[in-house]
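To keep things clear, I will list the structure first and then write my remarks on it.
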Amino acid sequence: MRLERRALLRFLGASPVLTALAPWTRAFSEERLPASAAEALDVFELEALAQRVVPPAHWGYLQSGVDGDVTLSANHAAYARYQLRARRLVDVSHVDLSIEVLGIKAASPIGCWPIGSLRALNPEGDIAVARATKKKNALHIMSTQASFPVEEINAARGAPVWYQLYTTNQFQVTKTLVKRAEAAGCPVVAVTVDTPAGRNTETAARLRRADTRTCSSCHSVDEHGYPRANLSTKPMFSGIDTQGLGLTQASLTWDFVKRLKDVTKMKVVLKGIESAEDAALAVQNGADGIIVSNHGGRSIESGRATIESLPEVVQGAAGRIPVLVDGGVRRGTDVFKALALGASAVGIGRPYAWGLAAFGQDGVERVLDILNLELRLAMVGCGARTVREITAATIIDSGRIPA
Ligand SMILES: Cc1cc2nc3c(=O)[nH]c(=O)nc-3n(C[C@H](O)[C@H](O)[C@H](O)COP(=O)(O)O)c2cc1C
């Protein structure tokens, strides 16, 4: 019975007529998946390929949200609430995607945001990503939990990346991390503030059950055989005593921003702000920028998409500091909408990780190319020749998310 069903699905997937009528059939169509990065038509094809090569536990790590993954899904789905307002007969023979944010120039507003343990997806991990962001001159934020040290990532990028900081529960350690990133030339530290005290990554836990490999050959494991967070194995913690060290601290408050600013010359950006009040507090407390983020649906199960939080954060920041955003961006049109709602730059997480898992550096480059092409076409269609011309007037808020 199972076999018959599978055979039917394969037949449906291979049928050109059905594929044209029902695009979802492509999900079944093994033979139509791209054979090289260059052939990938959208980021979802790379997602499908990545799923085939990444072992279940690592796939669960990448794809998981929290609880029932409601916020994770909302992040992408909510982009459909906004529509583009096409404009005609504008001279769009020259379209410029370049931006400058916090004094840093990039070829496009789309950047690769921090993901820890990228070697779980590809042995070259952060280095492959850095080579890709170098080639595309894209913004790049590395994770505190990166698989490679900041010095090697910066060397591969050919210019310093931004450094994402987990605050830790020991300020002396935090200071050591910050000083190291600063010494390596990083211009910006992005402090993640959205996960103060744990989270329930249910999908990750479920997929671990499906993984028959022995985790202890790569990870230290707990009494159930599941990988244990082991900071001492992360390159940024080499030489640091990780006894009793936690990545975050539940008692952290706004005075941390000043404390951090007192020990670094890097610009301080707060990653994980979702409300107008916190945006105003970020300004008051001296932050240099904000990233609207819910950690890709991995912090609390709020059910609220970052694109829906963005307008109030922009309002709270009142033009005093740049507001960037991430979460659920899968199309260049999503990027366009975020820019129209006031974002200065837009980060992606999972999409470049899919590219990395599928084709290494080439896959990351392809993801950036696909999204940049889609963004360019959205700009052409709306008569926006520069990122500055993507204003509130270029989109419409329908006020509802189609089912
Ligand atoms: C597997 C995974 C690991 C992540 N690791 C980090 C991290 O170490 N630090 C951090 O600030 N954010 C981390 N994030 C969040 C991303 O930086 C980003 O906010 C999020 O992935 C954006 O949503 P998207 O994946 O839908 O594009 C991680 C996200 C994923 C999916």
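Would you say N75 is open to solvent by less than 10 Å² (accessible area, probe 1.4 Å), in contact (Cβ under 8 Å) with a residue 60 or more places away in the chain, among the polar types (S, T, N, Q) and in contact with a Gly (Cβ under 8 Å, 6 or more places away or on another chain)?
yes
Only residues that are open to solvent by 20 Å² or more (accessible area, probe 1.4 Å) and closer than 26 Å to H295 by Cα: list them for the stretch 366-390, please.
R366, D369, N372, L373, E374, V387
Pick from the stretch 294-304 the residues that are within 10 Å of the ligand (Cβ to nearest atom) and small (G, A, S): which of them is nearest to P114 (Cα to Cα)?
By that ranking, first place goes to G296.
Before we move on, is G347 within 13 Å of the ligand (Cβ to nearest atom), of a type in the set (G, A, S), surrounded by 22 or more Cβ atoms within 10 Å (Cβ to Cβ) and at positive phi?
Judged against the criteria, G347 is not a match.
All but one of (1) within 12 Å of the ligand (Cβ to nearest atom); (2) surrounded by 24 or more Cβ atoms within 10 Å (Cβ to Cβ) hold for A120; state the number of the condition that does not hold.
Failing condition for A120: (2).
I want to confirm something. Restricting to the stretch 193-230 and keeping residues that are part of a helix (DSSP H, G or I) and among the hydroxyl-bearing types (S, T, Y), which single residue is modelled with the highest pLDDT?
T203
Can you tell me which residue within the stretch 160-210, out of those that are open to solvent by 10 Å² or more (accessible area, probe 1.4 Å) and aromatic (F, W, Y), is farthest from the ligand (Cβ to nearest atom)?
In this case the residue turns out to be F171.
Out of the residues in the stretch 158-192 meeting the condition of being assigned to a loop (DSSP other than H, G, I, E, B) and free of Cβ contacts under 8 Å to residues at least 40 places away in the same chain, tell me which one is farthest from K267 (Cα to Cα).
G158
The values are calculated or read from the model by the stated rules, or taken from the named source; none is laboratory data. Here the structure is a predicted model, which means the values were calculated and not measured. We place every Cβ from the backbone using ideal geometry, glycine too, and count neighbours over all the protein chains shown. We work out accessible area using only protein heavy atoms, side chains counted, and drop any ligands, DNA or RNA first. Shrake-Rupley method; radii C 1.70, N 1.55, O 1.52, S 1.80 Å.
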